[in-house]
1. Suppose every Lys and Arg Cβ carries +1 and every Asp and Glu Cβ carries -1, with no other charges. What dipole size does the chain come out with about its Cα centre, to the nearest 20 debye?
2. I need the phi-derived Karplus couplings for the range 6-12: 6.51 cos²θ - 1.76 cosθ + 1.60, θ = phi - 60°, integer Hz, Gly and Pro marked x.
3. Output ³J(HN,Hα) for the range 325-341: one whole-Hz value per residue in order, computed from phi by the Karplus curve 6.51 cos²θ - 1.76 cosθ + 1.60 with θ = phi - 60°, and x for Gly and Pro.
4. Just order 186-199, 479-492, 286-299 by mean Cβ neighbour count inside 10 Å, highest at the front, would you?
5. Under 5 Å between amide hydrogens, which residues at least 5 positions from Asn589 or on another chain qualify, with H placed 1.01 Å from N in the peptide plane?
6. R0 = 25 Å: FRET efficiency of Arg203 with Ala527, Cβ-based, nearest 0.05?
7. Considering only C-alpha atoms, what is the centroid distance from the range 295-342 to the range 664-681, in Å?
8. Expressed as an acute angle from 0 to 90° and rounded to the nearest 10, what is the orientation of the C-alpha long axis of helix 495-505 relative to the principal long axis of the chain?
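Here, each number is a calculation from the coordinates, and none is a lab measurement. Worth saying up front: this structure is predicted, and the values here are computed from it rather than measured. Ideal geometry is used to build each Cβ from the backbone, glycine not excepted, and the neighbour counts take in all protein chains shown.
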Amino acid sequence: MPLDIVPSVCPHDCPSACALDVERIKTAPAEARGRSLGRVRGAAAQDYTLGVVCAKVARYAERQHHPERLSRPLRRVGDKGAGLDAFRPISWDDALDEVAEALTRSAQRHGAETVWPYYYAGTMGLVQRDGINRLRHAMRYSREDLTICNALSDAGWFAGVGAKRGVDGREMAKSDLIVVWGGNPVSTQVNAMTHIAAARRERGAKLVVVDPYRTATAERADLHLAPLPGTDGALACAVMHVLFKEGYSDRAYTARYTDNPEGLEAHLATRNPAWAAAITGLAEDEIMGFARLYGRTKRSYIRVGYGFSRSRNGAAQLFAVSCLPAVTGAWAQEGGGALYSNLGLVALDHTLIEGLDRLDPTTRILDQSRIGPVLTGDPRDLGNGPPISALFVQNTNPMVVAPESRLVHRGFARSDLFVCVHEQFMTETAAMADVVLPATTFLEHDDIYLGGAHTYLQLGRAVLPPHAECRSNHDVICALAERLGARHPGFAMSAVELIDRTLELSGLPGVENFPEDGRLDRCPPFATGHFLDGFRQADKKFHFRADWRAIGAEYARLPAFPDHVAAIDDGDPDRPFRLVAAPSRSFLNTTFNNTPSSLAREGRPTALVHPHVLSGLRLVDGDRVRLGNRQGSLVVHARGFDGMQKRVVIVEGLWPNHAFEEGIGINLLTSADPGLPRGGAVFHDTSVWLRPV
Ligand code: SF4
């Protein structure tokens, strides 16, 4: 079978942003226009990816050539939510005309802010993801506050470090202790394990995992701590208490590089392991043992995950964890410090891609995580502004992924709401649309990518022709702009021209001068990467005293020093269980939840329930249970699992809504309450009851 291998970049919402080597198979011209996708491998030559990718992307051909890929523009002629049978094909011109007319009609009736272009990270490519903002700003449509993933974690990290970057992930291989806190890289970010494995193999490094349940990563760890969800801040405080008390704090480092070590030490005097044990549910000995291991290991590296930030107190929790290497001075060590995300490492000028020169700061901004309350007219979100009467959606599937699904579904079901969805598949959100437009995959369009876990800026060129009539997000945005009369130079440029000019504006080599393999390493010098030339606060110090006022409107509810913030939904006698809706290995949000191998591996929606709880309810593995709270209830199958505290229930996903008996998924139970201090989805901060069915 003749094939060639071409470079690409994984576009999915995953920090690894893997460099890929893609097999392109030459087929008969009649099939797939002469090219189809073979195996996808991690690029061995890119030294973060190091030849490794996750199984779901290795089998990307299943998704690329999936028989259910959308191939033509569609107009809905049947009921909302009924699926493909409710749609009829139309031409691209008719579809785009219809969408432009609907947006114009809505804006004429209610004002421009009635239109909400809604997107997220179905692709992480900057052109195909963020170009929607150029249309938004040119038309003065409602803005979108991107809170669903990283608002809480960003807030927590900025509070101490002051910039969205950390120590190069490749340095984990030079560490003597890696702490994976609130993440599960074996399942969701496999490359991290390559570097951790190297440290264990070559240096005898220890691996500690902090996670409320025994994940696949925790199974491989030397030590697993499983605090109750929402209590990681208490654990971090108790660890710091021990570090100070037992002489593990590097006082020369803290004097030079931190703002108020004496104040922190005094504040933590009462936050001892006994205090934290009562909050976290951990044993005092476990906390003490971890603190001492961390304290005596100079080269300690914390890989900060997102999980423990998805809580009402998530920013405060992440801030507390980020303080640990500042107490011991691990930031100064090779293989030491911490990494949350490097997405702020490369200072790219986003003006052209996002049309920031057309942004009118008086246009209203709506919280994407509160799409349910927004669409159902909650005055807390809409204020005195118009209702949302038109949505244009790219790169996301809010009918499944957004919290408080009941409200989201009710909102999308409104007969007076026009919806256009540009998608690769007939997702649950697309099924609610009036017009559906077929979208290209990353293999069929050009884009540029940053990586949260590494230091590369990567160029991914189209390597396959578009499937059927699919068009890229950029092409659709430009075509709509023309019909709507939106003016901006970016609408007249190709994706490559946008990338080229953006690189030039950012002082980086343009497309012609970019490395041939598309991989440009922007790793800073050691002193900068380790903040030895200062943290990115005005005084260049790491801040133990957070200035929450500078970060969000709800600052007054957060203490300045790291602490346990009891703002979580900690349950009550009617809802004693703490539900964590964790990511599964084979899905990525909803992106892979329709490929055969992912579905086969994941089985069915399942609640992991402590065996003592199961037997107390006279249930056995495989029995159906109902989980519920004020927002509703749903049925899943239960499986006994002893890798967590008895109050914890885990449901991995995200499964399609139709995988649940009553047609609505796990986000029925999660809350759209904004986390502190500036919003953020609180997916892992949910209390529920659990009953036999
Ligand atoms: S590990 Fe993440 S970035 Fe790498 S291939 Fe898988 S989804 Fe993509």
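1. 960 debye
2. Going residue by residue, I get 10, x, 7, 9, 5, x, 7 Hz, with x marking Gly and Pro.
3. Whole-Hz 3J(HN,Hα) from phi for the range 325-341: x, 6, 6, 8, x, 4, 3, 7, 8, 5, x, x, x, 7, 9, 9, 7.
4. Most protected by this proxy first, the peptides run 186-199, 286-299, 479-492.
5. Leu654
6. Computed FRET efficiency for Arg203 and Ala527 comes out at 0.60.
7. Here the answer is 24 Å between Cα centres.
8. Between the helix axis and the principal axis of the chain, the angle is about 50 degrees.
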